[in-house]
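Engineer: One structure, pasted below without further comment.
Just so it is clear, none of the values below were taken in a lab; they were calculated from the coordinates. In this text, all values refer to a predicted model and were calculated from it rather than measured experimentally. Note: ideal-geometry Cβ built from the backbone for every residue, glycine included; neighbour counts use all protein chains shown.
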Amino acid sequence: MSRFRQSALLPAVMAALVAGCSSPPARTPEPSAPAPVVTAATPSPGPSAAAALAPLEAPPVVPGELSRRVVTVKDGHSDNKTILHRDAKSGTEYGVQAACTSATPGTTLSVEVRRSKPGADAEPLSSGTIPCDGRVTLNGFGSLPAESIVVDLSGDRSGVTSAYAVLAPISSLMEVE
């Protein structure tokens, strides 16, 4: 599964590296604006620790949504909700939008998409891992069988403060990002 994330630091680092590879001219003119400061050794830290602990809010229901899983922890008690909306339609491209926060750095959860009929094969139709850093991850994975499908979050939730996963047509998920 691919993740749709962009880094704004990469073009600036590349420009600084290219500029550092050429010999300076004998006489350099005064720049018209101050040059940007680029620190290549320090990666972007992402959300702060306080932001990582802030509870996530799942997005509103999107057109064609199949299911969602929402995990919230309040006063040490976990509240887990799974909501099924409709069966998958053949020929539709689906994806999962998911996010997670944790008090423990480096925590990840597994996102699994599986059939939800009683007695159905327990093997996931699709799966992936999301970091619990508060960032939204969007994974597209293609079509699903025309039946009831559920999305689940699994893994060690001991430090998890909130998480959600939404399974819907990829086009609907891209509109809410």
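Engineer: Is there a residue in region 136-159 that is without any contact (Cβ under 8 Å) to a residue 60 or more places away in the chain and β-branched (Val, Ile, Thr)?
Structural biologist: yes
Engineer: Mind listing whichever residues of region 136-161 are of a type in the set (Gly, Ala, Ser) and outside any loop (DSSP other than H, G, I, E, B)?
Structural biologist: Residues satisfying the conditions are Gly140, Gly142, Ser154.
Engineer: Looking only at region 130-147, count how many residues are surrounded by fewer than 20 Cβ atoms within 10 Å (Cβ to Cβ), more than 11 Å from the chain's Cα centre (by Cα) and hydrophobic (A, V, I, L, M, F, W, C).
Structural biologist: Qualifying residue count for the region: 2.
Engineer: Of all residues in region 148-165 being over 16 Å from the mean Cα position of the chain (by Cα) and under 11 Å from Leu66 (Cβ atoms), which is surrounded by the most Cβ atoms within 10 Å (Cβ to Cβ)?
Structural biologist: The residue in question is Ile149.
Engineer: Then there is this: Residues of region 89-115 being within 14 Å of Leu138 (Cα to Cα), surrounded by 23 or more Cβ atoms within 10 Å (Cβ to Cβ) and of a type in the set (Gly, Ala, Ser), which ones?
Structural biologist: Gly95, Ala98, Ala99
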